[in-house]
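Chemist: Right, I'll just put the structure down here and ask away after.
Read-outs throughout are calculated quantities, based only on the coordinates presented, and are distinct from any laboratory measurement. A quick note: this is a predicted structure, and the numbers were derived from the prediction, not measured. Positions of Cβ are generated from backbone atoms using ideal geometry, with glycine treated the same way; all protein chains shown enter the neighbour counts.
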Amino acid sequence: MTKNDEVKTIGVLTSGGDAPGMNGVIRSVTRSGINSGLKVMGIRRGFQGLISGEVEELNARSVSEKLQQGGTFLNTARSETFTTEEGQKQAAKMTKIFGIDALVVCGGDGTLRGATDLAKTGVPTIYIPATIDNDVGCTDYTIGFDTALNTAIVAVDKLRDTASSHERCSVIEVMGRRSGYLALHVGVATGAEIILIPEHPLDLEKDVLGKILSARNRGKYHYIVIVAEGATDSIELAKYIESEIGIEARTTILGYLQRGGTPNYFDRYISSMMGIKAVESIIAGEINRSLIVQNGKVDDIDLFESVNITKKLDETNMTKAKILSI
């Protein structure tokens, strides 16, 4: 597809886990698309909704008062059907039925893989990264991470108050099955004594019990342990701490609390800029692209190359976190 006088209609969907700022993407794609003379179709419930034809036209009023809302008003879902070749062909068929010339897809790493599968069927696709885990390899930042981080920080600060009152250890579980970005940043920002992440296994006896005992002997009366959900069982960890060294320990699992709430400034801004960039790319004939944040700026790279890029957590940041926690 060359310079896109051919493009009359674009679609937008959100897929996978919701993240604060997804509504900003939908709003931005819709308004910038309309401003460019395009019809914009919203697809409900992600790839599954595309397969079943849950498509409706959006207008400027459809997206009013959405920027400040968490979640995604188009809804999201995970689709086993879309992982099959038959499901992907059905999704591509629906884009033809509804006259969708190009599609903007917003979500995490699973959504990125889905976007590449859809593009392989011939549907021009633009991918926008949005996940609170910040674990999409091709981009420095994913929409929703900063809001989720600040939500968790507020919760941990409140838990520290009650831990101090009772002279106890608070084991606080944050999201992150395979990625420790959220746990590491929350831990540093809240002054946690211990941070457990999947990428950096610790010796529980030495690095957890030993650290808590050392802190106690220096005069501390409360202890914060931040655990990424994929690192260990946080409930069992609290039991282990209490049984081994006699310090009262309680577990708090923040769970889906971290996904909700009003997006902060950064997620509102980045989602807005990425939505505009997506429409600009489609109009310019630059299709099958992944939008990324690199060196603080919104850029784009080849979609098929982006899916193979991995991201590794900087080990030196764990070392720095330990220095700060003494």
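Chemist: Mind jotting down the three principal axis lengths of the stretch 186-325 based on Cα atoms? Whole angstrom, largest first.
Modeler: Its Cα atoms span 65, 30, 25 Å along the three principal axes.
Chemist: I'd like the GluC sites (Glu not before Pro) in the stretch 141-245 restricted to DSSP loop residues with at most 16 other Cβ atoms within 10 Å, sorted by number.
Modeler: Here the sparse-neighbourhood loop sites are Glu167.
Chemist: For the stretch 1-150, take the convex hull of the Cα atoms, compute a quarter of its surface area, and give me that in nm², please.
Modeler: Its Cα hull, projected and averaged over all orientations, spans 8.5 nm².
Chemist: Using DSSP to define loop residues, name the trypsin sites (Lys or Arg not before Pro) in the stretch 1-70 whose beta-carbon has at most 13 other beta-carbon atoms within 10 Å.
Modeler: In loop regions of the stretch 1-70 (DSSP not H, G, I, E or B), the sparsely surrounded trypsin sites (Lys or Arg not before Pro) are Lys3, Lys8, Arg61.
Chemist: Which three extents, in angstrom, do the Cα atoms of the chain have along their principal axes, listed largest first?
Modeler: Principal extents (Cα only, largest first): 71, 37, 35 Å.
Chemist: Using the Kirkwood radius over C-alpha pairs as Rh, can you work out the diffusion coefficient of the stretch 131-193 via Stokes-Einstein at 10 °C, viscosity 1.306 mPa s, in µm² per second?
Modeler: This corresponds to a translational diffusion coefficient of 128 µm²/s.
Chemist: Restricting to DSSP loop positions (anything but H, G, I, E, B) with no more than 10 other Cβ atoms inside 10 Å of their own Cβ, which GluC sites (Glu not before Pro) remain in the stretch 56-107?
Modeler: Of the GluC sites (Glu not before Pro), the ones in loops of the stretch 56-107 whose Cβ has at most 10 other Cβ atoms within 10 Å are Glu65, Glu80.
Chemist: Considering only DSSP beta bridges where both residues belong to the stretch 146-259, give the percentage that are antiparallel (nearest 5).
Modeler: Working: 1 of 15 bridges.
Antiparallel: roughly 5 percent of the beta bridges in the stretch 146-259.
Chemist: Which pairs break 23 Å Cα to Cα here: Lys66/Lys96; Lys39/Lys96; Lys66/Lys311?
Modeler: Lys66/Lys96; Lys66/Lys311
Chemist: Would you mind giving the average projected area, over all directions, of the Cα convex hull of the stretch 146-259 in nm² with one decimal? Don't skip to the answer; put the middle values down first.
Modeler: Working: hull surface 24.6 nm².
Directional mean of the projected Cα hull area for the stretch 146-259 stands at 6.2 nm².
Chemist: May I ask for the angle, rounded to the nearest 10°, between helix 145-166 and the longest principal axis of the chain, with both axes built from Cα atoms and the value confined to 0 to 90°?
Modeler: 20
Chemist: In what order do Arg289, Arg178 fall by count of nearby beta-carbon atoms within 10 Å, going from fewest to most?
Modeler: Arg178, Arg289
Chemist: Continuing with the same structure: Restricting to the chain, what percent of DSSP beta bridges are antiparallel, rounded to 5?
Modeler: So the antiparallel bridges in the chain amount to around 25 percent.
Chemist: Could I ask something else about it? If you fit an axis through the alpha-carbon atoms of helix 85-97 and take the longest principal axis of the Cα set of the chain, what angle between them do you get, 0 to 90°, nearest 10?
Modeler: It is inclined by approximately 50 degrees.
Chemist: Please report the projected area of the stretch 211-279's Cα convex hull averaged over all directions, in nm². Before the final figure, lay out the partial values.
Modeler: Details: hull surface 30.0 nm².
Its Cα hull, projected and averaged over all orientations, spans 7.5 nm².
Chemist: Tell me what the chain gives for mean residue ellipticity at 222 nm when only DSSP H runs of n ≥ 4 count, each as -39,500 (n - 2.57), the sum divided by the residue total, rounded to 500 deg cm²/dmol.
Modeler: -12500 deg cm²/dmol
Chemist: Could you grab the relative contact order for the stretch 146-259? Cα pairs under 8 Å, six or more apart, rounded to a whole percent. Intermediate results must be reported in sequence, preceding the final value.
Modeler: Values: 201 pairs, mean separation 45.1, N = 114.
Relative contact order, the stretch 146-259: 40 percent.
Chemist: For the chain, what is the relative contact order in percent, using Cα pairs closer than 8 Å and at least 6 residues apart in sequence? Walk me through the numbers before you get to the answer.
Modeler: Values: 719 pairs, mean separation 75.5, N = 326.
Computed value for the chain: 23 percent relative contact order.
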